[in-house]
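First up is the structure itself, then whatever we jot down about it.
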Amino acid sequence: MNEYCKKWGLDPNKLPKHVGIVMDGNGRWASQKKRPRLFGHNEGVKRVEEITEFSGNIGIEALTLFAFSDENWRRPEEEVSGLMGLLRWFIRKESKRIFENNVRFRVIGDRQKLSLDILDLIVNLEQKTSSNTGMHLCVALSYGGHGEILRAVKKIVAKVEVGEVFVNDIDSSLFESCLDTAGLPALDMFIRTSGEFRVSNFLLWQLAYAEMFFEPAPWPDFNMEKYVHLLNEFSCRQRRFGLTPEQKIPPTFNASKCGLL
Ligand code: FPP
């Protein structure tokens, strides 16, 4: 048994394969302490490092973190450039550790809006870690679910236009292969910190059968104990994927691949 799971009392067979987190509450956390909002984002990066390492250690296959939304570009310039600076700093500082921990790094979102130097850092790290075999760390950056779905639609239309795909061939499997998250396991668990009950344009397609968790603590206070508590709650949820409680759902069940979606 995985020693980390054992230490934290987690059942490795009942863990989600793919966890998505909306890391909300950095600003309010900082304001409560009478500090600038960036102080909260800075503290948030520390949780990113801890939760990423922990998730890899317990055998989570994919972790998707919402770092910057399509809508966040409209925040005050000082906050936008501060967040971009943090991302730059995070990638530079963490790339060695990400690589050595066998993590596969990926950024999802609208890359066209990113500055060239950040794009360069991202592409380098994606390429450097592409042959790794461990957890996927997926950072949603300049990301919105609507935008991702529209990008997928455009890719499919382009395939239809050149005759590579017929309209009748379009199914959920083809659609998923055109999403930014192509190749990742289905999203099992959604966590939003800071007590807001919203999805906020995060992984809209992928949320179809995810279990939802709304955590009152703001992201900078989201520690391992809180994560473990939610993971244990996840283990107790009965997932049915539209079937009846009597029907046995195989552990490897994938709603989309079984044609249910
Ligand atoms: C939401 O809190 C959080 C964000 C918009 C940014 C999240 C970014 C980080 C945790 C750091 C960078 C991430 C990586 C992967 C290096 P908010 O600012 O909306 O908080 P509020 O709702 O309290 O105002």
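Go through region 26-36 and count every residue that is more than 6 Å from the ligand (Cβ to nearest atom) and buried (at least 16 other Cβ atoms within 10 Å of the Cβ). Qualifying residue count, region 26-36: 2.
Per-residue answers, yes or no, for (1) modelled with pLDDT of 95 or more; (2) among the β-branched types (Val, Ile, Thr); (3) outside any loop (DSSP other than H, G, I, E, B); (4) closer than 22 Å to LEU137 by Cα:
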position: PRO216; (1), (2), (3), (4): yes, no, no, no
position: GLU225; (1), (2), (3), (4): yes, no, yes, yes
position: ASN232; (1), (2), (3), (4): yes, no, yes, yes
position: LEU243; (1), (2), (3), (4): no, no, no, no
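For VAL19, the test of being more than 10 Å from the ligand (Cβ to nearest atom) and either more than 22 Å from the chain's Cα centre (by Cα) or within 27 Å of PRO185 (Cβ to Cβ) (or both) is passed.
Each row is one residue, and each column tells you yes or no for (1) closer than 20 Å to GLY109 by Cβ; (2) among the aliphatic types (A, V, I, L, M).
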residue	(1), (2)
TYR143	yes, no
GLY147	yes, no
VAL157	no, yes
GLY163	no, no
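For the structure I just gave you, tell me whether GLY40 is in contact with a Gly (Cβ under 8 Å, 6 or more places away or on another chain), surrounded by 19 or more Cβ atoms within 10 Å (Cβ to Cβ), at positive phi and touching a residue at least 40 places away in the same chain (Cβ under 8 Å). Spelling it out, it is not the case that GLY40 is in contact with a Gly (Cβ under 8 Å, 6 or more places away or on another chain), surrounded by 19 or more Cβ atoms within 10 Å (Cβ to Cβ), at positive phi and touching a residue at least 40 places away in the same chain (Cβ under 8 Å).
Restricting region 14-25 to residues that are in contact with a helix residue (DSSP H, G or I) (Cβ under 9 Å, 6 or more places away or on another chain) and farther than 27 Å from ASN42 by Cα, the residue that is surrounded by the fewest Cβ atoms within 10 Å (Cβ to Cβ) is LYS14.
Being among the aromatic types (Phe, Trp, Tyr), modelled with pLDDT of 95 or more and assigned to a strand (DSSP E or B) holds for only one residue in PHE197, PHE175, PHE190, and it is PHE190. Taking (1) touching a residue at least 40 places away in the same chain (Cβ under 8 Å); (2) within 9 Å of the ligand (Cβ to nearest atom) in turn, ARG75 satisfies each apart from (1).
Checking region 58-67 against the condition returns no match, with no residue being near the ligand (Cβ under 9 Å from one of its atoms) and touching a Gly at 6+ places or on another chain (Cβ under 7 Å). Tallying residues that are under 30 Å from VAL228 (Cα atoms) and surrounded by 18 or more Cβ atoms within 10 Å (Cβ to Cβ) within region 149-193 yields 13. A search for C-beta distances below 6 Å between a residue of region 130-156 that is closer than 23 Å to ARG75 by Cβ and any residue that is surrounded by 16 or more Cβ atoms within 10 Å (Cβ to Cβ) and of a type in the set (Lys, Arg), counting only pairs 6+ apart in sequence or on different chains, returns CYS138/ARG106. The condition (being more than 15 Å from the ligand (Cβ to nearest atom) and among the acidic types (Asp, Glu)) is satisfied by just one residue among ASP11, ASP70: ASP11.
Would you check if SER173 is polar (S, T, N, Q), closer than 30 Å to PHE241 by Cα and out of contact with any Gly (no Cβ under 6 Å at 6 or more places or on another chain)? Against the criterion (polar (S, T, N, Q), closer than 30 Å to PHE241 by Cα and out of contact with any Gly (no Cβ under 6 Å at 6 or more places or on another chain)), SER173 qualifies. The conditions of being over 23 Å from ALA210 (Cβ atoms), free of Cβ contacts under 8 Å to residues at least 24 places away in the same chain and away from the ligand (no atom under 15 Å from the Cβ) are met by GLU161. In region 84-96, the residue that is farthest from the ligand (Cβ to nearest atom) out of those that are free of Cβ contacts under 8 Å to residues at least 40 places away in the same chain and not hydrophobic (A, V, I, L, M, F, W, C) is LYS96.
Within region 227-245, being among the aliphatic types (A, V, I, L, M) and surrounded by 14 or more Cβ atoms within 10 Å (Cβ to Cβ) holds for VAL228, LEU230, LEU231.
The values are calculated or read from the model by the stated rules, or taken from the named source; none is laboratory data. Just so you know, these numbers come straight off a predicted model, no measurement behind them. Don't worry about glycine lacking a Cβ; one is built from the backbone with ideal geometry, like all the others, and counts go over all protein chains shown.
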